[in-house]
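Data block below; observations after.
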Amino acid sequence: MGQGTRQARESVGQGIKRSEGPVMLVMRAWLWLVPAVMLVASVVFGTIAVLDGSWALVVVMVLMGVFALALFVLHWWLMYRFGSTRP
């Protein structure tokens, strides 16, 4: 049953040409940059918190870093699953 459903989706999707316009470029940049900036910010502010001895903020920054990594993996999966440009 799954094979027939996939073939039906592929046959319907063959008539649709995906465009790689500026909107897709902005979407891809957003999906890659947001988790990367979050991860960098958590490392920078976590380092400052360690130097200052604010351990509660260190814990928050570690959680933010883990969330950034999880968001990166989710965005990667979304682009892999829905953003591929197969002929």
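The values are calculated or read from the model by the stated rules, or taken from the named source; none is laboratory data. Computed from a prediction, not measured in an experiment: that's the story for all the values here. We place every Cβ from the backbone using ideal geometry, glycine too, and count neighbours over all the protein chains shown. Surface areas here come from the heavy atoms of the whole protein model, side chains and all, with no ligands, DNA or RNA. Shrake-Rupley method; radii C 1.70, N 1.55, O 1.52, S 1.80 Å.
A few comments on the model shown:
- Meets criteria (open to solvent by 40 Å² or more (accessible area, probe 1.4 Å) and among the β-branched types (Val, Ile, Thr)) for Val50: yes
- Residue in segment 59-82 that is open to solvent by 60 Å² or more (accessible area, probe 1.4 Å), at pLDDT below 85 and charged (D, E, K, R) present: yes
- Which numbered condition Met24 fails, given (1) under 30 Å from Phe67 (Cβ atoms); (2) loosely packed, with under 10 Cβ neighbours inside 10 Å; (3) at pLDDT below 85; (4) of a type in the set (A, V, I, L, M): (2)
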